[in-house]
């Protein structure tokens with residue numbers, strides 16, 4: 001019996017069901033809105049089921065039938081992906097989908113270049129990416145929504161494996177003209193005298209604040225942000241210093257003001273940059289190829305202020 005649907009139609013349907021909007025789904029799968037709308041209409045016509053309730057002011061919401069259909073569609077897509085990977089493993093070709101996660105704080109510095117080089121090396125792969133915080137990365141790996149993640153060694157649960165690649169020591173970031181700007185290194189005791197801009201991401205913020213535990217004092221946090229670029233601009237405009245491990249190539253903030261980066265002395269734990277993978281990931285040819293590729297790129301990566309581990 002001929003299939004009454006295509007995998008592409010199911011993919012578009014799931015994207016709309018998760019996004020609640022054809023426009024947002026269009027951005028997610030990089031396909032025009034009319035194409036997605038047509039695929040949804042074809043599914044509804046073929047199966048004689050209303051899958052969505054159209055609400056002009058609030059987008060689309062799944063009907064009861066739509067929710068059941070989406071659950072099964074996810075299973076079909078998952079099985080199709082597994083079959084595709086099996087075919088690649090048998091043939092020895094690196095191919096098929098690869099979903100990569102990356103920690104938000106350094107995705108802009110590393111991920112696009114690593115991904116582009118991987119896609120050029122293996123043109124039969126279809127790579128997607130998501131940038132988020134550590135807690136969400138762990139959740140997505142456990143739900144098999146991403147295959148591998150580029151992140152730090154921040155509270156990795158025992159059911160996931162961390163592959164360390166580079167050691168990144170912490171540094172303080174201050175604006176040009178700051179009283180500490182001319183120092184070759186700085187201690188956390190000296191930082192306590194000045195206001196702090198905190199990169200307030202889950203687990204990351206705890207790591208930065210732990211630097212001050214041994215002093216018995218807490219830093220004076222005056223600003224918090226989840227965006228690395230915003231943090232640099234806040235620092236450059238004199239709101240306070242910040243602490244980070246990943247250093248941008250430029251010493252200019254996004255608004256063009258100069259920043260100074262000072263290594264932090266003492267016993268503070270450096271952050272380990274690496275890959276987080278679920279159990280069994282190394283058995284999948286495409287995932288294993290990405291692990292090898294990312295490992296090579298990061299271990300040979302060199303830019304100002306960093307030391308190759």
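The values are calculated or read from the model by the stated rules, or taken from the named source; none is laboratory data. Everything numeric in this text was worked out from a predicted model, so none of it was measured. As a convention, Cβ positions derive from the backbone with ideal geometry for all residues, glycine included, and neighbour counts pool all protein chains shown.
Values computed for the structure shown
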{"item": "Filter result (surrounded by fewer than 17 Cβ atoms within 10 Å (Cβ to Cβ), modelled with pLDDT under 85 and assigned to a helix (DSSP H, G or I)) within the stretch 279-309", "result": "282, 283, 299"}
{"item": "Evaluation of residue 269 against (1) closer than 18 Å to residue 108 by Cα; (2) in a loop (DSSP other than H, G, I, E, B) (one fails), failing number", "result": "(1)"}
{"item": "Odd one out for residue 236, checked against (1) more than 30 Å from residue 99 (Cα to Cα); (2) out of contact with any strand residue (DSSP E or B) (no Cβ under 6 Å at 6 or more places or on another chain)", "result": "(2)"}
{"item": "Close pairs from the stretch 278-297: first in the same structural domain as residue 148 (by TED's automatic domain parsing), partner part of a loop (DSSP other than H, G, I, E, B), Cβ under 6 Å, at least 6 apart", "result": "285/94; 286/94; 287/147; 289/94"}
{"item": "Matching residues in the stretch 243-266 - criterion: being out of contact with any helix residue (DSSP H, G or I) (no Cβ under 8 Å at 6 or more places or on another chain), more than 15 Å from residue 228 (Cβ to Cβ) and outside any strand (DSSP E or B)", "result": "256, 265"}
{"item": "Any chance residue 99 is modelled with pLDDT under 85 and within 25 Å of residue 132 (Cβ to Cβ)", "result": "no"}
{"item": "Tally of residues being assigned to a helix (DSSP H, G or I) and either touching a strand residue (DSSP E or B) at 6+ places or on another chain (Cβ under 7 Å) or more than 17 Å from residue 126 (Cα to Cα) (or both) across the stretch 11-25", "result": "10"}
{"item": "Answer residue from the stretch 55-64, given it is surrounded by 13 or more Cβ atoms within 10 Å (Cβ to Cβ) and over 16 Å from residue 9 (Cβ atoms) and is modelled with the lowest pLDDT among those", "result": "59"}
{"item": "For residue 26: the one exception among (1) crowded, with 17+ Cβ neighbours inside 10 Å; (2) touching a residue at least 12 places away in the same chain (Cβ under 8 Å); (3) closer than 23 Å to residue 129 by Cβ", "result": "(2)"}
{"item": "Some residue of the stretch 152-164 being over 12 Å from the mean Cα position of the chain (by Cα), in a helix (DSSP H, G or I) and either in contact (Cβ under 8 Å) with a residue 60 or more places away in the chain or in the same structural domain as residue 234 (by TED's automatic domain parsing) (or both)", "result": "no"}
{"item": "Listing of strands (runs of 3 or more DSSP E) fully contained in the stretch 170-239 that carry 1 or more residues being crowded, with 20+ Cβ neighbours inside 10 Å and assigned by TED's automatic domain parsing to the domain that holds residue 258", "result": "171-175, 195-199"}
